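Derivation of every value follows stated rules applied to the coordinates shown; laboratory data play no part. Just so you know, these numbers come straight off a predicted model, no measurement behind them. FYI the Cβ positions are ideal-geometry reconstructions off the backbone, even for glycines, and counts take in every protein chain you see.
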């Protein structure tokens, strides 16, 4: 289903008992973070929190809306994200592509044909109220952690356009508030928004930018999805919501944004202005990102819905809300990975790996050193290039059970034979790399070894019980349970 507004999604969560309203006044400076951090680290991700009274702000704040497997699925209009994965797999199998490039092209075509491109409308709820003078101070923008450089907008949908092709990009880049009309734009080196900015710098032209907050929650997910450069995130959003997205033109420039968003910040980035230090910021790595130079975003206009809700999130030491968003991406796009690597059975990004640091993948091993082929292939796919450690296990391992993974890691690995090192692009937020955006990677082959792999002795079988015995004991346990639950006959007097 598609949501007509963020408020409608809030109502869905409340009806399901997944929302907690906070009616007392809470300060966006650190206090909301402490509330949210405790909730996110409670069993199952806790509940979504709606802060109805934010100190010195005119709007309520929603946080942890995506912070469970259930809420993440509901945000995408389904009961289980596997429903989307199965639909996507069916579309791709209709005309089996021969390469990853063909798979992406087919995916784009399928989305376009089934749910159409966005349509343009003359006006929308996001323009119901226009501030006389743009002023970010009316928004409950958080200072998340004590050493943060200031307040940060953490759930922005940043709309930019390639000046050469006109292709739209919707990214999510944190925005540090400088003053009531200025923020930094933290588009990292490898992001599409940064590529667009570099091109505007070459052209010496002012870069139009629009930032949306809220609206159908599927927009937020689409902005974080690992799509190839050039593929429209709104096309993915339309595919997921199964309803055409209505776009309204900005007033200060010709970028278009979803008409149902809660807030729209219109402005520009000026290539003639030298970047300045942004940060520090308490990041998803669990550490502070230290200051680095980034450009400034100048806001010319702010409009919003009459009933607007400010969406926010925090990142830090996992588990956090972003874990559930990342897990949904993996489940949904796994069919695309399997088209290129048909040996892949499953793939997991543990919360402790904070996205890029650790990937566990299970494969149907078919030939010597098969695991190493998979490692190098994954490092060559989009944002997987940032993965620091890849562990490959056999197809009988549950990659989501880290106890099972660690058992195979310890039992099947000889470090000299089974660990490889490589170098390549790294997440610019990774403080452990010796230089910004570049570092080393490690692949660990934790599969059973087969003839043809060097220095391998005869491999012993894994201890397993006979299936017939397991079935027999299951029956005996059922009989035992039945006998214990039946009433004890009373002896005659």
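Extending 7 Å from the Cα toward the beta-carbon at both residue 317 and residue 135 defines two label points whose distance is 3.9 nm. As a length-normalised measure over Cα pairs under 8 Å and 6 or more apart, the relative contact order of the chain settles at 15 percent. Bridges between two residues of region 83-312, per DSSP, are antiparallel at a rate of about 95%.
Only helices enter this figure: runs of n ≥ 4 DSSP H residues, each worth -39500 (n - 2.57), summed and divided by the residues of the chain, yield -9500 deg cm²/dmol at 222 nm to the nearest 500.
If you take the C-alpha gyration tensor of region 341-445, multiply each eigenvalue by 5 and take the square root, what semi-axes do you get, largest first, in whole Å?
Values: eigenvalues 98, 42, 36 Å².
Square roots of five times the eigenvalues give 22, 14, 13 Å.
Modelled spin labels at residue 466 and residue 366, positioned 7 Å past Cα toward Cβ, are 3.5 nm from each other.
Within the set (1) 171; (2) 594; (3) 204, the number that volume of the Cα convex hull per residue in Å³ takes when calculated for this structure is listed as (3).
Compared with the dominant Cα axis of the chain, that is its longest principal axis, helix 370-379 is turned about 10°. Against the chain, whose longest principal axis comes from its Cα atoms, helix 100-115 is set at around 60 degrees.
Estimate the FRET efficiency between residue 476 and residue 21 by the formula 1/(1 + (r/R0)^6), using the beta-carbon distance for r and 41 Å for R0, to the nearest 0.05.
Details: r = 51 Å, r/R0 = 1.24.
Computed FRET efficiency for residue 476 and residue 21: 0.20.
Taking a ≥ b ≥ c as the square roots of the Cα gyration tensor eigenvalues, with a/c under 1.5 meaning rounded and otherwise prolate when a/b beats b/c, else oblate, which class fits region 243-397? Note, shape of region 243-397 comes out prolate.
Taking the convex hull of the Cα atoms, report for region 83-312 its projected area averaged over all directions, in nm².
Numbers: hull surface 53.8 nm².
Mean shadow area of the hull around the Cα atoms is 13.4 nm².
Between residue 41 and residue 395, the simple spin-label model (points 7 angstrom out along Cα→Cβ) gives 4.1 nm.
With a 10 Å radius around each residue's Cβ, average the other Cβ atoms per peptide and rank 370-382, 253-265, 465-477, highest first.
Working: 370-382: 17.9, 253-265: 22.5, 465-477: 9.4.
Going from most to least packed, we get 253-265, 370-382, 465-477.
Computed from Cα positions, the angle between helix 467-485 and the longest principal axis of the chain comes to roughly 80 degrees. Quick one: grab the alpha carbon gyration tensor of region 146-224, order the square roots of its eigenvalues as a ≥ b ≥ c, and give me rounded if a/c is under 1.5, else prolate or oblate depending on whether a/b is larger than b/c. Cα axes put region 146-224 in the oblate bin. Here the relative contact order of region 346-442, from alpha carbon pairs under 8 Å that lie six or more residues apart, stands at 25 percent.
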